[in-house]
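The values are calculated or read from the model by the stated rules, or taken from the named source; none is laboratory data. Being a predicted model, the structure only gives us computed values, none of them experimental. Note that we place each Cβ from the backbone using ideal geometry, even for glycine, and neighbour counts take in every protein chain shown. We work out accessible area using only protein heavy atoms, side chains counted, and drop any ligands, DNA or RNA first. Shrake-Rupley method; radii C 1.70, N 1.55, O 1.52, S 1.80 Å.
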Amino acid sequence: MRAFTLRGLTLYVPEAALKGNLERSLTAGRYENHEADALLLHLRPGDRMLDLGAGLGFICALAAGVLGEGAVMGVEAGPETVRLARRNLAANGFPGVKVLKGAVVGAGEGEVEFGERPAFWASALRGPDGWPENAEVIRVPVRPLGKLLARFQPTVISCDIEGGELEVLTQALPGVRLVVVETHPQVYGPEGVARIVAALGAQGFVEAEGAKKDTLVFARL
C-alpha cells in the first residue's frame, strides 16, 4: 500500500492499482484535478453532494472538507474499491461519509454484472466493445439514480463512471443545481457527449465555468 498526498489529503493506494498513468498523476497532484477544481469553484454552504464513481474517496473527502461529512455520499461499484474509499475517508477524518456499494444505472433492480480490474479506475460495466481487458466479471447491486436522488436529495452531482454517465445523466435530476462529469467519448463518441449536453440542457442546465478537456460542468439556470 502506497500513500500519496493531494490537496492536504492522504490517499492510500494498493500497489496493484498503480498502473498506466495513475502513479504519475497521483505523484504530480493531477489525480482528478479537473473535477476537484470545478467543485471547489462551485460548492457553496448548504449543498449536498452525491459522488457517482467514488474511486479512492478523494472527491468525497474534498467535498466533505467544505460541506461536512453528513452532506456527502459516494457510490462505487467495485467491492475492493468501496473498502479503499472508506479507509481513505476515515484516514482523513471523514468516517461519516457514506459510500454505497453498487453500479449506478438509469433504472433497474437487483444486480448487474460489473468488470472489476486491478486498476480500479478502469473497471466498468460492459461497454459496446465488451468487457475491459483483464476484467473479473462479478455481480454487484444496482443503484438506480432516481432512488439515490430521493434518498440523499443532492444539490450537486459529481460523476465519473467510465461511460455509464450516458445512461445516468440523461435521466431527470430534480433538485440538482450543479453537475460535474468526466465524459468518456472513447466509449460513446462525440455523439454521446452531445446527448448528455442536450439532455441536461432540456432540464435547464447550461455549461458553466471550470470545464477542462473531458470534464464538463453544468449549472441549472
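Once Rh is set to the Kirkwood radius over Cα pairs, what Stokes-Einstein translational diffusion coefficient, in µm²/s, holds for region 96-170 at a temperature of 37 °C and a viscosity of 0.692 mPa s?
248 µm²/s
Short version: what are the Cα gyration tensor semi-axes of the chain, square root of 5 times each eigenvalue, largest first, in whole Å?
Semi-axes from the Cα gyration tensor: 23, 21, 17 Å.
Using a 1.4 Å probe over the heavy atoms of the protein chains, calculate the carbon and sulfur portion of the accessible area of the chain as a whole percent.
50 percent
Express as a percent, rounded to the nearest 5, the fraction of DSSP beta bridges in the chain (both residues included) that run antiparallel.
Antiparallel bridges: around 55 percent, rounded to the nearest 5.
Anyone know which of Arg143, Arg151, Arg30 comes out most mobile in the 10 Å Cα GNM of the chain?
Arg151
Obtain the radius of gyration and the Kirkwood radius of region 24-139 from its C-alpha atoms and give Rg over Rh.
Result for region 24-139 is an Rg/Rh of 0.98.
Which whole-number value in Å² is the accessible area per residue of region 138-221, probe 1.4 Å?
Here the per-residue accessible area is 44 Å².
Where the centre of each part is set by its Cα atoms, how far does region 62-108 sit from region 124-142, in angstrom?
21 Å
For the chain, what does the helix formula give at 222 nm: sum of -39500 (n - 2.57) over DSSP H segments with n ≥ 4, over the residue count, nearest 500 deg cm²/dmol?
About -9500 deg cm²/dmol.
Compute the accessible area per residue over region 9-63, keeping the other protein chains in place, probe 1.4 Å, unit Å².
Result: 38 Å² per residue.
Probe of 1.4 angstrom, ligands and nucleic acids ignored: what's the accessible area per residue over region 94-135, in square angstrom?
52 Å²
Based only on Cα atoms, what Rg/Rh ratio does region 137-214 have, Rh being taken as Kirkwood's radius?
Dividing the radius of gyration by the Kirkwood radius yields 0.96.
Once you list every other residue whose beta carbon is under 14 Å from the beta carbon of Arg195, what net charge do they have if Lys and Arg are +1 and Asp and Glu are -1?
-3
Cβ under 10 Å from Gly175's Cβ, Gly175 left aside: what net charge do those residues give with Lys, Arg +1 and Asp, Glu -1?
It works out to a net charge of +3.
Could you tell me the relative contact order of the chain? Use alpha-carbon pairs under 8 Å, at least six residues apart, and round to a whole percent.
17 percent
What percent antiparallel are the DSSP beta bridges of region 93-161, to the nearest 5?
Just about 75 percent of them are antiparallel.
Kindly write out, for region 128-145 in residue order, the coupling ³J(HN,Hα) from the Karplus curve 6.51 cos²θ - 1.76 cosθ + 1.60 (θ = phi - 60°), rounded to whole Hz, with x marking Gly and Pro.
Once rounded to whole Hz, the list reads x, 9, x, 7, x, 4, 6, 7, 8, 7, 10, 10, 10, x, 7, 10, x, 4.
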